[in-house]
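Asker: Structure incoming, see below.
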Amino acid sequence: MTGENNQPLHIVLFGTADLCNARIRIMLEGLMEAGVTITYCHQSIWSNATDRAKTGKLAMVGLAARWLWAMLVLSVRYLSLPRHDLVLVSYPGHADIWFARAVSSLRRKPLVWDAFISAYDTVVTDRRLAGPHSLAGRLCFFADRMACRFANLTILDTPAHASFFAATFHITREKFAAIPVGAEAMFRSVAPARAKDKPNEEEIFRVLFYGKFIPLHGIPTILEASKRLQDSAIEITLVGTGQTAGATESWIKDNGPPNLQWLKWVDYEQLPAFISSFHIGLGIFSAGEKAGRVIPNKVYQMLACGLPVITRQSDAMDTFSLHPADGLTCVPAEDPEALAAAIREARERWQAGRLEAVAPSLVIGAGEVGSATKACLHSLRNGV
């Protein structure tokens with residue numbers, strides 16, 4: 001078996017996935033770093049970011065037409081590709097996998113789906129955009145379940161997330177693997193500036209949250225915590241916008257604690273340096289079930305930058321940090337008092353010159369992601 005594991009691995013990336021997505025970028029970068037050969041049988045159906053934002057009927061018809069044409073072109077192209085070991089469909093891939101299943105079966109190659117997130121869980125449970133028995137809810141459930149059934153192996157980001165997929169869509173747990181999201185290499189190239197001497201009493205302790213303002217993030221918990229900290233030399237900065245931005249704006253208008261600031265945008269290329277100008281970062285705080293199963297990319301990014309993180313306690317975080325490690329503090333979900341207390345304690349450690357460095361075991365980059373993914377793919381290829 002050792003000899004088989006040492007054989008070069010050649011995979012085909014099939015479909016229309018957005019290669020700019022952090023999950024896909026990190027995994028592909030890691031696989032190439034691990035020596036895996038990747039042949040791209042891929043075609044983008046998005047022209048630019050503005051194109052993605054269009055939601056009108058005409059735009060949707062155009063998108064569907066481009067997708068169907070891409071699938072026909074890629075299916076023909078795939079059948080003429082050189083020998084390879086397996087086929088990978090990346091997130092989201094719910095529609096791509098139908099064609100991938102057909103063509104990979106013709107060449108008798110295993111099919112892997114990097115699901116990353118559940119359409120059903122996102123639309124119905126997390127964002128509550130549709131009910132579980134609505135047409136949209138049923139379609140999302142069907143899309144998730146069929147994609148899992150088509151794939152020989154489905155990859156999720158945490159063991160808790162993989163177990164949820166297996167139980168919800170009635171698929172054996174052995175058909176799932178957990179590979180963390182990790183952080184891009186650019187986030188490991190900087191480190192936060194640490195004062196050599198203890199700060200003075202008046203120096204501001206800077207706390208950062210950034211994200212797309214989706215319900216999973218638990219922004220209200222952060223807002224309420226900022227209110228409890230407004231008499232301290234602690235400043236909380238929010239960065240981003242999204243689904244809950246309207247409610248956030250209303251809360252700030254009514255409460256407006258002086259220690260809270262909100263920036264709508266920071267250029268992605270500048271994000272590592274921006275992160276490193278803070279003393280501690282905030283993860284997610286929703287009590288939603290999905291929030292208990294995932295570890296978002298931004299948590300890995302902040303840890304990779306050397307920024308200690310406070311986030312909600314969950315099954316996913318317990319698995320991520322099985323052994324107590326510096327740089328990561330977990331608090332109960334949707335508990336602003338506990339979050340405020342954790343921030344105060346972090347500031348006290350900072351004032352005493354004892355603010356912890358992030359433990360190396362919590363820094364996961366493309367190399368670690370690629371090695372773990374390669375091991376899963378080897379096992380599938382070799383029938384382990």
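The values are calculated or read from the model by the stated rules, or taken from the named source; none is laboratory data. Just so it is clear, the structure is predicted and the values come from calculations on it, not from any experiment. Cβ sites come from the backbone with ideal geometry, for glycine too, and all protein chains shown count toward neighbours. These area figures cover heavy atoms from the full protein model, side chains too; ligands, DNA and RNA do not enter into them. Shrake-Rupley method; radii C 1.70, N 1.55, O 1.52, S 1.80 Å.
Asker: Could you work out the relative contact order of the stretch 197-344, using alpha carbon pairs under 8 angstrom and six or more residues apart, expressed as a whole percent?
Answerer: Dividing the mean separation by the residue count of the stretch 197-344 yields 27 percent.
Asker: If you take the C-alpha gyration tensor of the chain, multiply each eigenvalue by 5 and take the square root, what semi-axes do you get, largest first, in whole Å?
Answerer: Numbers: eigenvalues 300, 118, 70 Å².
Each semi-axis is √(5λ); the values are 39, 24, 19 Å.
Asker: Sticking with this structure for a sec: Through the Karplus equation 6.51 cos²θ - 1.76 cosθ + 1.60, θ set to phi - 60°, convert the phi angles of the stretch 209-225 into ³J(HN,Hα) values in whole Hz; use x for Gly and Pro.
Answerer: So the J values, rounded to whole Hz, are 10, 9, x, 9, 6, 8, x, 4, 6, x, 3, x, 5, 5, 4, 5, 5.
Asker: With the dipole of the chain worked out from charges on the C-beta (+1 for Lys and Arg, -1 for Asp and Glu) around the Cα centre, which of ASN259, LEU68, PHE274 lies farthest toward the positive end?
Answerer: LEU68
Asker: Here's a follow-up. Give the ranking of ARG347, ARG77, ARG107, ARG23 by solvent-accessible surface, highest area first, calculated with a 1.4 Å probe.
Answerer: The most accessible residue leads, giving ARG77, ARG107, ARG347, ARG23.
Asker: How would LYS253, LYS290, LYS227 rank on accessible area, largest to smallest, probe 1.4 Å? Kindly include the intermediate steps, with their values, before the conclusion.
Answerer: Values: LYS253 175, LYS290 15, LYS227 85 Å².
Largest accessible area first, the list is LYS253, LYS227, LYS290.
Asker: Additional query: Give the lysines whose C-alpha is closer than 24 Å to that of LYS109, dropping any in the same chain fewer than 8 places away, or say none.
Answerer: Partners found: LYS175, LYS374.
Asker: In terms of modelled amide H atoms, which long-range or inter-chain residues lie less than 5 Å from the amide H of PHE205?
Answerer: Correct list: ILE234, GLU235.
Asker: Find the relative contact order for the chain and round it to a whole percent, using C-alpha pairs within less than 8 Å whose residues are 6+ positions apart.
Answerer: 19 percent
Asker: Which percent of the accessible area of the chain is formed by carbon and sulfur heavy atoms (probe 1.4 angstrom)?
Answerer: Values: 9930 of 17670 Å².
On the chain, the fraction of accessible area on carbon and sulfur atoms equals 56 percent.
Asker: Express the relative contact order of the stretch 281-384 as a whole percentage, based on alpha carbon pairs under 8 Å and six or more residues apart in sequence.
Answerer: Reported as a whole number, the value is 28 percent.
Asker: Could I ask something else about it? By a straight-distance test (C-alpha under 14 Å), which aspartates and glutamates pair with LYS253 as possible cross-link partners, with residues fewer than eight away in the same chain excluded?
Answerer: GLU224
Asker: Using a 1.4 angstrom probe, figure out how much accessible area the stretch 88-197 has per residue, in square angstrom, rounded to the nearest whole.
Answerer: On a per-residue basis, the stretch 88-197 sits at 45 Å².
Asker: Something else about it: If you place +1 on the Cβ of every Lys and Arg and -1 on the Cβ of every Asp and Glu, how big does the dipole about the Cα centre of the stretch 228-384 come out, in debye to the nearest 20?
Answerer: That gives a dipole near 380 debye.
Asker: Moving on. How would ARG349, ARG344 line up by accessible area, probe 1.4 Å, largest first?
Answerer: ARG344, ARG349
Asker: Measuring with a 1.4 Å probe in the full set of protein chains, what accessible area per residue, in whole Å², belongs to the stretch 267-384?
Answerer: Per-residue accessible area for the stretch 267-384 comes out at 38 Å².
Asker: Using the Karplus curve 6.51 cos²θ - 1.76 cosθ + 1.60 with θ = phi - 60°, what ³J(HN,Hα) values do you get for each residue of the stretch 146-163, in whole Hz, with x for Gly and Pro?
Answerer: 5, 4, 5, 5, 5, 7, 6, 8, 10, 9, 10, 8, 9, x, 5, 5, 5, 5
Asker: What figure, in Å² to the nearest 10, do you get for the accessible area of LEU129 with a 1.4 Å probe and non-protein molecules left out?
Answerer: For LEU129, the solvent-accessible surface is approximately 120 Å².
Asker: Express in Å², to the nearest 10, the accessible area of GLU289 obtained by rolling a 1.4 Å probe over the protein heavy atoms while all chains stay in place.
Answerer: 120 Å²
Asker: Efficiency by 1/(1 + (r/R0)^6): what FRET value for ALA247 and GLU174, r their Cβ-Cβ distance, R0 = 51 Å, to the nearest 0.05?
Answerer: 0.75
Asker: What pairs from LYS264/LYS290; LYS227/LYS264; LYS212/LYS264 go past 18 Å between their alpha carbons?
Answerer: Listed pairs above 18 Å: LYS264/LYS290; LYS227/LYS264.
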